[in-house]
Amino acid sequence: TSSMLEDLALHVHSSRRKLASQRHTKSVSKLPRRRRIRPMREMRTEYSVASKDKPWLVEALVKDEELARKARKCVLDSLESIYNGEDVPSLGKAILSVRTLALLLHFVGIGSGSSFGSGSAFVQSAVDAIDILNGKFSGKTSDELRVLSIRACLLVCSKFPPIAEAKQMFLNSPTSAACSACLVGLLEPTGSETSNAFASRIVDCFASQDSTELYRLVVGSLTNAGGSDSVLTEADVDAFFNTCRWASAKLDSATTVDLRKQSMECVEVLNDGARRGNISYPDLEKKVAQILDDAERCRVVVQGSGATTLMKNAVMATLSDEGSKLPLVLPLRLDGLAKKLSWKRSDLFETKTEASRCQFILQLLYSLLFLDQAPSSPFSVDPRNLPLAEAIMFCRISQSIGDEATSALHDLVAKLVPEALSLANPNEPDIMRMTGPSTGPVTIAMVTDAINACKESGIDRQAYGRRAELMFLKARADYPSADVDTSVSCALLSMKHLPARAYTYTLLCKDPLLLLKCHLCVWKCNGLRRIVLSVLRRLLDANDYITLDEAPTDDIGYQLLAARNALVTRCLILAGSSNFQFDSDGINKNEVPTRCPMTISLIRSMISSHSGVVAMLIKQGLSDRAVDWLVEIAPECLADAELLTGCLSERNNLTAAERMVTADASLRIAIAHGARDEAATQLLASSALNVLVSSFFLSLGPVGVPVNIIHEDDGHDVTQTCRRATFRMLSAMQCIHGERPALRNEARRALSKMANMCKSEGALGGVAGSVAMRRKTLLKEIWDAVVRASNSLGGLQS
């Protein structure tokens with residue numbers, strides 16, 4: 001027994017030295033110097049895992065009453081030595097001892113009997129020691145001691161049978177009177193807001209007789225488990241309920257009112273009052289408005305727990321029947337506060353503006369909660385005009401923002417403005433692409449001036465474009481993305497002899513296709529084109545969520561997005577395949593198309609994000625040059641193989657010319673990228689080659705007619721279209737290389753049929769003259785193309 005008691009004493013009084021040594025060993029490689037560890041944190045860490053690290057200690061104290069009595073006596077002696085043996089009592093030792101006493105009371109109880117370490121004698125000694133010890137300390141520095149003393153005193157009362165079991169005949173005993181005097185003295189208002197707030201919450205539990213909440217405040221906080229790891233038994237509920245009834249009769253009403261008045265600014269008190277209905281909605285709105293107006297108070301609130309719950313209660317109060325329906329933070333006010341602050345990544349670490357940033361974070365949290373609850377309100381904020389990405393980044397790096405507020409803000413942004421989360425990534429591609437030496441600070445106005453100078457320059461436009469792009473990337477690294485993108489878009493869309501364009505970021509997000517109206521000089525300049533595509537990509541991401549949110553159903557929303565992607569992809573394909581020369585006279589057919597990496601990346605991302613875009617574009621019709629360029633740059637085209645196979649079937653609304661053009665594009669996709677999925681490629685190539693064979697006579701035209709007489713309703717020459725597609729497909733089959741026997745055999749079978757039809761058609765008699773000669777010449781060209789293709793595949797199939 002003596003050795004176990006000695007171990008308990010060492011465990012209690014030597015925890016500071018052991019924890020300091022352990023933490024120093026773990027952190028010596030990270031930080032050369034560490035500040036001195038506070039006693040309360042040490043004991044909290046030590047005893048929160050006491051039942052796990054040393055289970056035998058608690059079990060031994062519970063099983064052995066004599067050992068428990070000696071342990072309680074040891075703790076009381078430690079308390080007495082603090083306030084009697086030292087001229088200047090140590091606050092750290094006092095906190096350690098009171099916490100040890102509270103934990104012993106919780107796990108072991110007060111015991112029975114009349115000895116010094118058990119029963120009523122122990123209760124009398126414990127409350128007297130707590131009362132005397134708190135008298136030695138005053139002021140704000142004793143907040144922790146006062147809170148722990150209140151918990152220890154309540155645990156004593158909840159374990160003392162006359163109070164816990166409501167035995168009326170013993171309630172007037174000297175021990176009960178000592179408990180009452182100690183508790184009333186601890187709950188007296190002081191000059192400390194922190195301890196007054198805790199005392200006020202305790203008093204509210206007394207008034208409402210909320211035993212469960214009282215148990216959570218006392219035991220859950222004491223063991224760092226929030227009450228979740230402690231099993232609340234029926235006996236505990238009865239004990240704390242009777243303690244509430246006993247304590248509520250001992251407290252003076254004036255004390256209760258004074259406590260509530262002094263602690264009404266505390267977040268926990270306001271949340272408890274809103275939950276219990278002790279505070280009206282107008283009063284709650286008034287208190288929260290005062291907090292939101294004070295930057296320093298916002299920093300305190302957003303750092304602790306309960307900030308999100310308080311903002312939710314405030315929004316609920318605003319939208320209630322008694323509320324004004326007018327948010328406490330108006331959009332212009334929040335936008336004005338955001339513009340006063342610098343959101344450069346280097347400035348997020350400044351301590352001078354930290355309080356104002358915390359105020360913005362708390363106001364932003366309230367505004368997003370209000371928007372989530374009342375999206376149709378005319379006073380709701382438009383979050384896309386705010387620096388959301390920078391705000392989230394500040395929450396992640398700042399020590400002044402608690403985890404609860406950071407998590408709540410992240411969840412709201414993910415729900416309301418999901419595209420902003422990608423911009424909060426410090427490794428965003430646009431930022432990583434910024435290279436070159438620093439040329440000093442860059443403002444948004446400097447970027448717009450550089451864009452205008454590039455548009456107006458007649459010579460060396462590419463150099464001006466590279467300069468504008470570099471400045472754009474640096475501005476995006478220092479300023480909110482929404483502000484930069486809006487100003488840059490207006491500059492790109494403006495004309496020299498027309499009034500300047502004025503768009504908001506929300507309007508651009510709702511209609512990102514506005515950027516396609518940029519002047520031709522913008523698309524021809526590499527630097528400006530990359531700026532346009534960078535902004536367009538972010539606007540398209542935002543438009544995805546807006547469209548799906550505003551569409552009546554998800555199916556309609558996805559159809560709208562597919563049509564939008566098809567339009568953007570078509571424009572970029574036509575522009576990229578023509579080297580951004582939009583006039584037909586300026587296009588050199590022999591020139592290799594430009595491979596702009598950002599253009600290709602955007603095209604591939606839109607093709608992969610929505611299936612059917614490639615099939616839709618091919619059905620609508622693309623130039624031969626555009627089809628070749630699309631097949632070359634986008635392996636994702638193969639994902640539409642099933643849709644293209646269906647388009648080539650007999651049961652569709654395609655005309656003969658459209659089917660032939662689709663077959664040409666499908667065969668090229670199968671040859672270029674079919675190795676990724678041979679099963680889908682086999683079906684696609686078979687369908688395309690069947691169309692080729694069945695359209696043989698359309699390519700030749702009717703017999704004996706000197707001109708092509710088969711035309712579409714719009715005047716399009718069907719024969720010429722099929723003829724051109726036939727030669728393209730025969731030329732494409734020469735590119736089948738590698739170990740692809742299935743595709744090679746399918747092509748050889750089609751070529752054999754084509755060769756036989758050429759022989760049969762050449763052997764037939766017909767009209768004489770120039771018409772017959774022209775037909776024979778065409779047959780000879782087809783035959784030669786078939787022979788070249790068959791030779792590249794190893795000969796015709798017998």
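The values are calculated or read from the model by the stated rules, or taken from the named source; none is laboratory data. This structure is a prediction, so every number in the text was calculated from the model and none was measured. Every residue, glycine as well, gets a Cβ built from its backbone with ideal geometry; the counts of neighbours run over all protein chains shown. Protein only, heavy atoms only, side chains kept; ligands, DNA and RNA dropped before computing areas. Shrake-Rupley method; radii C 1.70, N 1.55, O 1.52, S 1.80 Å.
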| remark: Contour minus Cα-Cα span, Val693 to Asn791, at 0.36 nm per residue, comes to 33.4 nm
| query | Taking the Cβ of Ser752 as the center, what net charge do the other residues with Cβ under 14 Å away carry, scoring Lys and Arg +1 and Asp and Glu -1? | reply | +4
| query | Using a 1.4 angstrom probe with every protein chain in place, what is the largest-first accessible-area order of Phe379, Phe472? | reply | Phe379, Phe472
| When ranked by the protection proxy of mean other Cβ atoms within 10 Å per residue, highest first, what sequence do the peptides 234-243, 481-490, 94-103 form? | 94-103, 481-490, 234-243
| In what sequence, highest mean first, do 498-505, 295-302, 658-665 appear when ranked by Cβ atoms within 10 angstrom? | 658-665, 295-302, 498-505
| said: Quick check on packing: order 515-522, 208-215 by the mean number of other C-beta atoms within 10 Å, highest mean leading. | reply: 208-215, 515-522
| task | With no solvent and one equal point scatterer placed on each C-alpha of the range 281-382, evaluate the Debye formula and give log10 I(q)/I(0) for q = 0.14 Å⁻¹, two decimals. | result | -0.52
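The range 350-390: which trypsin sites (Lys or Arg not before Pro) are DSSP loop and have at most 14 other beta-carbon atoms within 10 angstrom?
Passing sites in the range 350-390 are Lys352.
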| request: Mind giving me the FRET efficiency for Gln720 and Asn579? R0 is 25 Å, r the Cβ-Cβ distance, nearest 0.05 is fine. | output: 0.45
| task | Would you mind checking the pairs Lys286/Lys415; Lys415/Lys455; Lys287/Lys339; Lys261/Lys415 and listing those with alpha carbons more than 30 angstrom apart? | result | Lys415/Lys455; Lys261/Lys415
| task | Can you grab the distance from the C-alpha centre of the range 526-550 to the C-alpha centre of the range 482-520, Å, no decimals? | result | 12 Å
